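Here is the structure we will look at.
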Amino acid sequence: MTELLDLVLQAHGGIERWRMFDTVRAAFASSGGLLPLKGLDVTPVPSEAVATTREESLRIDGYRRPDWRMRFAPDRVVIESKNAEIVEERTNPRESFVGHTLTTAWDIMQVAYFNGHARWTYLTTPFFMAMPGFHVTEIEPWKEGSELWPGLRVLFPPNIASHSTEQEFYFGPDHLLRRHDYRLEIGGGTPIAQYVHDIVEADGFRFPSKRRAFPRGPGSKAIRDLLLISIDLSNFHVEKLAG
């Protein structure tokens, strides 16, 4: 573990405390240009996502319909009814994105896969960096206005699905997350800069409650006229399962 990662984990609530819990949940209200670009409607009603902390899986109840539930794992995505009858499922879902560009349309299972790995990443940052298989190195800081934000480059293991295999995370003077850079591999590898702010505390942990993602242009600067993803998060809870 790098010295910076140790400071980052402490600032966000501490890895030892995090390992005492099993799930983290929050309500997501999403908008922005990405889903309309993919031929999909933006759902105005917030939905709650529940992520596991020891492995990569996530559940969304009321997924696109009040009586549906979505279950995500890296190798399988399922939409089912409340009584667990399968509505639709897809194994090895990432294979369905081969040849895609940023403007290629998504079907309902592809957007479910995107929601699954993206929300798991957001809910477990930065603590997933201490999970087995992740390789973390310190990189040159990012200059934002008059501030220098120290950075970590994270190489994801093959068993974890996320935006891209390699991602960069930048932190403020308080060691809390400020910016998250990645390439949208399932969208032609488009480079993205996601800014986060309005940190809230829940159950002793700190999470950004607002995320705004833009394409990256020259010099990795965000193209702020092109808002791809806007996410407001609320009602965070970190919980231990009964038994």
message: Contact list please: Cβ distance under 8 Å, first residue in the stretch 184-202 and closer than 15 Å to L123 by Cα and in contact (Cβ under 8 Å) with a residue 40 or more places away in the chain, second residue outside any strand (DSSP E or B) and open to solvent by 50 Å² or more (accessible area, probe 1.4 Å), pairs at least six apart or on different chains.
response: none
query: Taking V24, is it part of a loop (DSSP other than H, G, I, E, B) and over 17 Å from W106 (Cβ atoms)?
result: no
statement: When (1) touching a Gly at 6+ places or on another chain (Cβ under 6 Å); (2) open to solvent by 20 Å² or more (accessible area, probe 1.4 Å) are applied to F205, the one that fails is (2)
- prompt: If you take the residues in the stretch 28-49 that are open to solvent by less than 40 Å² (accessible area, probe 1.4 Å) and touching a Leu at 6+ places or on another chain (Cβ under 7 Å), which one is nearest to V238 (Cα to Cα)?
  reply: A49
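Whether any residue in the stretch 132-148 is among the aromatic types (F, W, Y), over 22 Å from I231 (Cα atoms) and in contact with a Leu (Cβ under 9 Å, 6 or more places away or on another chain) is what I want to check.
Initially, the stretch 132-148 is screened for residues among the aromatic types (F, W, Y), giving 134, 142.
Restricting the remaining residues to those that are over 22 Å from I231 (Cα atoms) gives 134, 142.
Adding the requirement that they be in contact with a Leu (Cβ under 9 Å, 6 or more places away or on another chain) leaves 134, 142.
So far as the stretch 132-148 goes, yes, one or more of its residues are among the aromatic types (F, W, Y), over 22 Å from I231 (Cα atoms) and in contact with a Leu (Cβ under 9 Å, 6 or more places away or on another chain).
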- line: Over the stretch 27-49, the set of residues in a strand (DSSP E or B) and either aromatic (F, W, Y) or modelled with pLDDT under 90 (or both) is F28
query: What strands (runs of 3 or more DSSP E) completely inside the stretch 50-167 contain at least 3 residues that are at pLDDT 95 or above, buried (at least 17 other Cβ atoms within 10 Å of the Cβ) and under 19 Å from the mean Cα position of the chain (by Cα)?
result: 58-61, 68-73, 147-155
R178, sole failed condition from (1) charged (D, E, K, R); (2) out of contact with any Gly (no Cβ under 9 Å at 6 or more places or on another chain); (3) outside any loop (DSSP other than H, G, I, E, B); (4) open to solvent by 10 Å² or more (accessible area, probe 1.4 Å): (2)
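For the stretch 168-213, give me each residue that is among the aromatic types (F, W, Y), closer than 20 Å to R25 by Cβ and under 13 Å from the mean Cα position of the chain (by Cα). Before the answer, list the steps.
Kept after step one, since they are among the aromatic types (F, W, Y), are these residues of the stretch 168-213: 169-171, 182, 195, 205, 207.
Imposing the further condition that a residue be closer than 20 Å to R25 by Cβ reduces the set to 205, 207.
The answer is F207, and nothing else.
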- prompt: Restricting attention to the stretch 204-211, does a residue exist that is out of contact with any strand residue (DSSP E or B) (no Cβ under 6 Å at 6 or more places or on another chain), at pLDDT 95 or above and more than 23 Å from A105 (Cβ to Cβ)?
  reply: yes
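The values are calculated or read from the model by the stated rules, or taken from the named source; none is laboratory data. Everything quoted here is computed from the prediction, not taken from an experiment. Reconstructed Cβ throughout: ideal geometry from the backbone, glycine too, with neighbour counts over all protein chains shown. Each accessible area value is taken on the protein alone, full model and side chains, heavy atoms only, with ligands, DNA and RNA left out. Shrake-Rupley method; radii C 1.70, N 1.55, O 1.52, S 1.80 Å.
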